[in-house]
Each structure stands twice: as C-alpha cells, then as structure tokens.
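Read-outs: derived from the displayed coordinates by stated rules, not from any lab. If you're wondering where the values come from, they're calculated on a predicted model, not measured in any experiment. Heads up, the Cβs are rebuilt from the backbone with ideal geometry, glycines too, and the neighbour counts pull from every protein chain shown.
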Amino acid sequence: MKELNDGKPRKIKSVRPYSFTLEEDTTNFGTYVKGGIVTQVKQPRVLNFKPLRAALKDPGDFLLSDFSKFDRPPLLHIAFQALDRFICEIGRFPVARSEEDAQKFISIAGNINECLGEGGVEDINPKLLTHFAFGARAVLNPMAAMFGGIVGQEVVKACSGKFHPLFQISVFGSKLQKNLEDAKVFIVGSGALGCEFLKNVALMGVSCGSQGKLTITDDDVIEKSNLSRQFLFRDWNIGQAKSTVAASAAVSINPQLKIEALQNRVGPETEFVFNDDFWENLTVVINALDNVDARLYVDQRCLYFQKPLLESGTLGAKCNTQMVIPHLTENYGASRDPPEKQAPMCTVHSFPHNIDHCLTWARSEFEGLLEKTPAEVNAYLSNPSEYATAMRNAADAQAKDNLERILQCLEQEKCETFQDCVTWARLRFEDYFVNRVKQLTFTFPEDATTSTGAPFWSAPKRFPRPLQFSTTDPSHLQFIMAASILRAETFGIPVPDWVKNTKMLAKAVEKVIVPDFQPKEGVKIETIETDERATSLSTGSVDDAAVINELLFKLERCRNNLPSGFRMKPIQFEKDDDTNYHMDLIAGLANMRARNYSIPEVDKLKAKFIAGRIIPAIATSTAMATGLVCLELYKVLDGAHKVEDYRNTFANLALPLFSMAEPVPPKVMKHRDMSWTVWDRWILRGNPTVRELIQWLKDKGLNAYSISYGSCLLFNNVFPRHKERLDKKVVDVAREIAKEDLPPYRSHLDVVVACEDDEDNDINIPQISIYYR
Amino acid sequence: MNGEELTEQETALYDRQIRVWGADAQRRLSKSHILVYGMKGTVAEFCKNIVLAGVGSVTLVDDREVTEEALSANFLILPDENLYHGKTLAEVCCDSLKEFNPMVHVSVEKGDISTFGVEFFGKFDAVVISCCSLAKKKLINQKCRKLSKRVAFYTVDCRGSCGEIFVDLKDYKYSKKKLEETVECQLEFPSFEDTISVPWKALPKRVSKLYFAMRVIEQFEDAEGRNPGETSIADLPGVLKLRKELCETNSVNESQIPDALLERLLMDTSEYPPVCAIIGGILGQEVIKAISGKGDPLKNFFFFDAIDGKGLIEDISEPKPVS
C-alpha cells in the first residue's frame, strides 16, 4: 500500500484503540506489507456564528453554571420587603435595638409572608427578624447575612489617622472585622499566588489586630521570570528570599499587618519549625503552592490539626479553588488527579517515538555527564581510601559502574585543554548518534522479528538511522559548542572566545580523530518494560569484586597524576539562565536523537518548556483565584457556616468560563450504629495496653490485626513475637519500637489500626488517640 | 510574524506568559497603548495586571485627591501621607505602577476626560473607564467609535459585592485555538448607547437582574446630576420611583429588579478587595485578548456577584433582522 506513503491527510472513521478505517476506496491500492506510522492531524473547520435573532431565541451562551441549589433564603426576601414597607409606613429605618420597631417589623414581615401563600416560608423566625430589625440601619446587608452575622452592633466609628479597611466594618460588622484582625493565618508559599494573597489580606485587614499573626514561608529566592506576575518583587530583589521581600511589601500596603516571614519548605523535615504548637494556634491555612506533593502534605497536617485549608491553583488562563473545611468538606487529598504518565525506561533508552521521550533522555544524560559523574569523582577524590572501602564492601554492579565512570572521566576522557573538551564533545556525538544506533540496528536489524514472528520494528517503535557528522550542519556545531563549554566548566578549564566563531570551532572539531565503530555480537538491550531495580541491582559476584579491585588500582594511578587538590565542578541543570548553555545542550541532545528516529525537532523555547517542566502562568488568573479564595476567607473567619455557603470554583479566562459548585462533603464510613469521616478521631484514655486497645475495638465489632505508630509497626497478629507485646502499654511499645522520646508536653499518641469486621471486610477506622497521662 | 523580535530582556521577563499566549501576542502587547480613567480599587488591580503583562504604555487620568476611602481598596496608594500629599490619584498610582515593570511607560494626563478630543483617544488601543456618569460613558464611547482604527472600549464598575464590565470592540476579528488548529472569527459589538437602549422586553428572561439594577441607578445618577457612587441608601425612594417608571416604559414587571438588590447596591458603594481582584483579573485578561487578537472576548456585559459567587456573561444587543 505504497499509495499511503504520500503524507497527505486522509479522513478516517470507526476509530478504536488499535484500528481505524480509511474513508476512501483502497481496492486499487497495492498489498500492505508491513509497518507505517500514522500521525493524527485535525482539519480546520469553519465555524458559523448564529445570527443574533436565533441566538436571542436560544440563549445558549450563558457560560455559567452553578451546580448547587443554593438560593438566598426566602426569609431574607421577605425581610427586605418588610423593611421596604416599614420605611414607607414609618418613614425611617427601624431604630437599632428598639424592641418596639422590631415588633412592628416582625408583624409586617408576617403579613407579607401570609400574602405569599404557597410561596411563603413556614416559619418567619422572629428571632432572626429581630436581629434584622436591630441591625437594619447599621449593617443591614445581605452580604453580612451571608457571612452569618446579622450583626446588631452599631457601626464602629473610624479611628482617624489609623489605616483600617473601614468599609468592611460598616459592611460586615465589627465582630467579623475583629475575627479578621485577630486571625492567625498561615500562607504556604510566596510565589505568584502568595503575593496576591498578601496584598488581599493586607487590604482586608486580616491579621492586623493585636492578637493577629500572619506567617508566610517559602524557601525559594526571586528570579527574573517571577517578576511578570509576582508583583511585590522588583528587579533589585532578584536573589533575595521571596517571603521576606513579599512580607515587607505587604506591610507597606498595610502597616498594621502582623507578619512573620520564614524560609522553610513545609514538609516532614521542618516539623521542628512548624511544630504542634504552631499548627494548633492557627485559625486558617492558605495554600499558595506550585506542586501537588507539598499540597498533599499541608492537607494531611490540616486534617490532623483540624484546620480549614483554602486551596487554589492556576495553569495558564485557568484557575481553580477548593475549600477544605473540617468536618464539612472532603480533604484535598480525597480526590486526586491521575498520576502523570511516565514513559517506560526502555522507550526512553532505545525506542523513543516522540520528542518528550528524547527530552527525557537528554535530561538524564545531562545529569549523568555533568552532575552525577563529577560529583562521584569528587566523592572519590576527597576521601579515596574510605570510598574504596565502601565500594569493596558493596561489591555490586552499581559500585563497578560508578568506578568505571570515574575512571573514564579521569583517564580516557580527562580534559586538560579546551581542545580536549572539543574532542570529548565530538566523540560523545559519535557515540550517541552514530555508534549506539549502529549497535542497536545491528542487534535488531530492520527485518528482525520477535519470538512470535511479528516484525520487531513495528509501531510505535521507529527504526533509527545513524547521523553523519558534518561541520556544515549548524545544529551539529551548536551541540559541540554547548557540550565542550559545559565539559570545560566541570574541569575548571577557561572557555576561549574562538569557540563562538563557527569557523574556528569547525576547524577544532576537524582535528579530532574519530575511531571506526564495529558493532558487537551479544549486546543485551532492554526491549520490554522490566523492573529497573531488578536489573541494575543485581547481586555482586566474585567477578565484580575482582573487577572493582582492578578499577580501584587504576584509579589510584590516575589520582597520582592529578594536580593536588583537584576537584571537578558538578553542574546542576538550571533552565532559566539563557546564557549558561544548559538548555542548548539539552535541546541539542534531544533534537539529534529526534533526527535518528525521524521525530520532528523542537526549538529551544519548546524544549525548555517540556524539559524544564515549566508551568505557564499569567497575572490575571492568579489575581482572580486569590480574589475568589479571599471571599471564602470571610466565611471561614466568620465561622459557623454550612457547606452550602462555600464555593469551589473553576474558571478559564480564555474561554471565558466561570463555574462554581458547593464543596463535596467528606465520605461517611459506617459500621453498626457508628459513622465517621476522615475528620474524626477516636479517643481512648487510661493508658491502655495493646490487648486493652484490641479489646476496646472488639467491643465495637472490629477485629484489629495491625497497629502502627507513624512508620513503626507496633503490633501485627501474624508475627508470633509480637504476642509478648500484648500486655505492654501501647505507649511503652511505641517508645521501645519507635525509639522516640515523646515530648514532655504531649499526653497522647496517635495510632493507626487496621481492622476487619466479622465478615473479614477491611474497615477504615479513624486514627485513635491514646492518652497515657 | 511581522514586527521586531522581542528583546532578550523581554523574553526572560515574560517567559512564563509567553508560554500561555505566544511570542507574537507578547509583541503586540508590548506595542499597545492603554488609557485608564477612574483610579478605584478594581482599576488598580486591572492596571497591575496589564503592567505586569508588559503593555507598551499606560496613561492614567484622574485628578481627584486621595481620600480615606480610596486608600482602603486601592493597594497602589500606600497609607503614608507623605507619599500622597498634594498629589492626584492618577499621580500616586502612576508612581506605584512604574515600579512594577520598568519596561512599561506609565504616565499621567491631566484634565477633564470629557473635553479630550477624538484624536486624543486615537492614540490608544484600549480605553478603560470607571466611575463615570452615563453621559460620560456614552460620550467617550462615541469618540472611540468615531476613529477609523479600532479602539477597544471598556467600562468597569464595582458596587460592594457586585461588579460589572461592559465591552465594545466594534467590528472585531480574532483567532482562536480550537483543538489543534486556529480558526478565524468575527464579532460585531454594539455601542454602549445602542446596547442600553435595547428594549428590555426584547431581552431574554434570563438576563441578570444586575443588568437592570445597574441601569436604574445609572439613570438615577444621571437624572440627578450626581457623580457615580454619590447615591446612597437615602435615595432609595427616588430610585424605586425611577424603577417603576422604567419598568412601565419597558413593559416589564418590577420584580425583574428586586428591591433587595437595589438596596444592596445603594448600601455599599465602596469596593471589596477580593471582588476587585476578581473583576480586575477578568478585565485584564479581556484587554490582553483584545490586543493580541486571540481567544473569544466577552460579549458584551459581565456581572459578578459575591453573594452567590456567580459570574455571568450577557450578550445585550439589538435583535437585527436576519439577512
């Protein structure tokens, strides 16, 4: 079917996972032999906009959806109508705290409700209406109603000269304003979201009271590409700690703000900073993070300490917000996106079929050549005898591999001049894009078949072809330039200016003698997804030990030839510096490999995007996300709201689309007459023994078979040895096994118990807090 | 594409956003000129967003003095009297905005915007006005429309928990990404005056009540010769009276504009910072879209109400006979 090889787009139908049908007559085509790669393209389509008249008849354009059945309480409508009538009849607002006016108001409301008949409410709730009447003049506002407080206080007068978000006092009442001011808030992250949050909370007066405290933490420093949306930072702040700079900028917006800036990453390793006391004192936590792992960690902490967590994130023009409120909503980690797909290692190593695979390979080669190997060399050089002992003790394939790489770096491929670096780069080119491909196609020729007789090189595998190095190909030369410059950097060799002159560089490359390559028989190449660890961590053999000894002997000889104190400089990949040649090398590696496999190449910007895992970001969606979260912050700090009051949002400013929904309540687990959610904890007092704990659960119809504390297993009924722990106190077992001193202020420990019911079904029970004093 | 390449400095600074809208859109942005009138909290948010995005220039017009109220939702004005004493709102905001992005030229134009001639507006690619009376909105919109080049026109207003954006892009051609390919689209926008004179009866029932409520207050302020925002709850009887008249003229039921909604709008004339951030974010993105010619624009009203958290797009246009 050579007719299909013309590269023209063809219409297809009946698309299935492994097949599709061509929408054309192929009866005159030749016979299909084998192989062939199909690429999906989408044909442009002309869109017809509806004429206005039709659009008006069918207004399908409302892009909003509110999935909740949320309606402002009908009572409030009645209250407002009553207020309207009150003003009409009496000619003024109800006087604050006037019982008489309130009574009058309630009777008007009652009349209105009666007139509504079916549409009225069952109970006009005189108490609420009294509050309504009391506060009508001052803070009467559905906003306030929504924020729970029909607050019957007089408007707090402005203290002049002091900056206050005055409007909020008149709008929300002084109680909520006081809650805002005295809130203890933890903002995790001081990037784009963090900056916007700080500005908002400063304007809202959050944590501005004497009791208030805002803690912000971020372990990152400011860099250039941050400035286009992290607006609290300036050019001259580049290199400074994000949290500190942002905090002082926020204080200049509102000098009353009580803020502390920390530079700690939040995680298990900083629990001495963010300790129990810290978490317990918080009112609310706001995530301003850029990765899922940190979000999941903060979520677990909030779950444990029962703190509300306001979560948000952006991706390009999209943003989403999620409210996590103790006992009302599910936690952040309860519903998760599927994990990112990763290509199998053999695909990356030998059978790439798209540019992502090539870039993944390029990243890993970059790391191996420029970071790991030099670091390994330094590890050896800084303490040769200790290193040698460690390798002899390990005596495995990995030890051998490490030593081989060090030796290669210090012996065969040692660079002393820049010309050596050029030679190295040229030989790497030959190895990567010529020899390896020759070896691969020697082991698996184009007509090779698998054990079942099917062609080996069938889709998605692409058959590779070696490159022919040429100094007239600019991308070849660019690869040599980037590779030799970075190689020189690891050896501390100065980079001469001529390297940037293509003619001079070409001349230098032509001096390199490239040995001929002969593919070898019997080379093993991974072709199926195997457990990497199983192959690479194969057990050591006698051979390995002998080889390691010989390698160490050679290394020792090499070391004596090195200048004293010689160290290499490992290079860490940094995507954002355009002058460091890192991305040039990665793009070069990936694109040359793409050429081997006839995969379309990418430019440096796209390469950086994929290899650097850069998340596109703009200021507008960030601003919007934080605005939406801060509206929810009012509700959280006001307290006592129902789940229906909260909103999760998803918006896409590019479409534009705004949609919101009530948060999802937590999953309720049931057993017998008990029910609980992820937010619950069971408490067992009186310093019980393991047996007592098991019995306590047994009484609930739960058969405990395993008890753990953190990552330590305290008891499991499959281990006969654990039987002797049954009559020990749980806390003593924990002390013994976890080898951990429980802090003196602590009076309980939390254990996780795995249970089954009488029918052997696993029951997911809450954590149990065991009180031992 | 045409036009000069982005400088190295621009590429470095705008890296993350170029990945959203592309180098071509960034080039158009950096050559665009924006006029802004009425420096309220929402407008401050908007200005921050477009200055960070890297437009060519922003010109601010607002000769009013800095007041306590201006301080409370506008983060561009730092609460230090020494910094703002003797300066107009536009001048203070200009000082702050300049620092956000040295590559954007931020300046102040003094004077009464309604006296500026048509050719003045011709210097800009987008005009954003806030705190304007009905007459002023119509006038400036007309001047923008008189120009042969397209000047994107926006009004934005926030009253307490509610916000409104109006968009007029005249004849607007743009491209949008649909799956893998880019399609060319065209939209025709009515002027502000034409939009608000569409008979209410002709509008679909589902049109946001906020639309009508905002028009009533706008007309009330116009009739009374008030500045926007000067109307308060004390004016409720007058506003209700006007609602009755307008509803009768338009033969729609008064329930289309609930009392409670009008009261709420009259009660809080000040802005809420979170609402400013939301509206300022949306408006920022809309202006960026109009300049870059990429993506579906809002047509032609947007409403946000913090009470229910809803954001609504309403297409308010005169039904035209199908040709």
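With a 10 Å Cβ neighbour count serving as the proxy for reagent exposure, in which order, fewest first, do A:Thr283, A:Thr270 appear?
Lowest to highest Cβ neighbour count: A:Thr270, A:Thr283.
Among B:Val216, A:Val298, which comes first, second and so on when ranked by fewest other beta-carbon atoms within 10 Å? Spell out each step's value before the answer.
Details: B:Val216 21, A:Val298 26.
Fewest to most other Cβ atoms nearby, the residues stand as B:Val216, A:Val298.
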* Label-point separation in nm, B:Leu147 to A:Glu759, each point 7 Å along Cα→Cβ -> 7.4
* Modelled label-to-label distance, B:Glu193 and B:Arg64, 7 Å Cα→beta-carbon offset: nm? -> 2.6
* **Most positive-pole-ward Cα, A:Leu742, A:Gly701, A:Ile763, against dipole of the range A:673-771 from beta carbon charges** => A:Leu742
* Paramagnetic label zone (point 7 Å from Cα along Cα-to-C-beta, A:Ala459; backbone N under 11 Å) in the range A:23-37 -> A:35-37
* To do: Taking the Cα centre of the range A:673-771 as origin, work out the dipole magnitude from +1 charges on Lys and Arg Cβ and -1 charges on Asp and Glu Cβ, in debye rounded to 20.
  => 560
* **For the protein assembly as shown, calculated [θ]222 nm from helices alone, where every DSSP H run of n ≥ 4 adds -39500 (n - 2.57)** => -12500 deg cm²/dmol
* To do: Could you tell me the distance between the Cα centroids of the range A:486-514 and the range B:96-128, to the nearest Å?
  => 52
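Among B:Asp24, A:Asp741, what is the fewest-to-most ranking by other Cβ atoms within 10 Å? Numbers along the way, then the final one.
Numbers: B:Asp24 16, A:Asp741 8.
By the 10 Å Cβ count, ascending, the order reads A:Asp741, B:Asp24.
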* Asked: Which one of A:Gln468, A:Thr389, A:Leu83 has its Cα pushed farthest toward the positive end of the charge dipole of the protein assembly as shown, where Lys and Arg give +1 and Asp and Glu give -1 at the Cβ?
  -> A:Gln468
* Take the alpha-carbon centre of the range A:414-473, take the same for the range A:358-373, and report the distance between them in whole Å. => 17
* To do: Work out the count of Lys pairs in the range A:673-771 where the Cα-Cα distance is under 19 Å, with the pair 8 or more places apart or on different chains.
  => 5
* Asked: If the limit is 20 Å between Cα atoms, which of A:Lys414/A:Lys554; B:Lys136/B:Lys173; A:Lys184/A:Lys635; A:Lys438/A:Lys461 go over it?
  -> B:Lys136/B:Lys173
* Roughly speaking, what is the centre-to-centre gap between the range B:177-229 and the range A:546-599 when only Cα atoms are used, to the nearest Å? -> 63
* **Cut-off under 5 Å, modelled amide H: who pairs with A:Asn264 long-range** => A:Asp218
* Going by average Cβ neighbours within 10 Å, how do the peptides A:220-228, A:259-267 rank, with the highest at the top? -> A:220-228, A:259-267
* **Dipole magnitude of the protein assembly as shown about its Cα centre (Cβ charges: Lys, Arg +1; Asp, Glu -1), debye to nearest 20** => 1560
* **Under-5 Å amide H pairs with A:Ile12, H placed in peptide plane, nonlocal only** => A:Glu23
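Which percent, nearest 5, of DSSP beta bridges in the protein assembly as shown are antiparallel?
60
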* Asked: How would you classify the range A:660-709 from its alpha-carbon gyration tensor, with a ≥ b ≥ c the square roots of the eigenvalues: rounded for a/c under 1.5, else prolate if a/b is greater than b/c, otherwise oblate?
  -> prolate
* Could you calculate the FRET efficiency of A:Phe650 with B:Lys178 from 1/(1 + (r/R0)^6), where r is the beta carbon distance between them and R0 is 25 Å, rounded to 0.05? => 0.80
* Just going by the charge dipole of the protein assembly as shown, with Lys and Arg at +1 and Asp and Glu at -1 on Cβ, which of B:Ser148, B:Ala70, B:Gly54 is farthest out on the positive end? -> B:Ser148
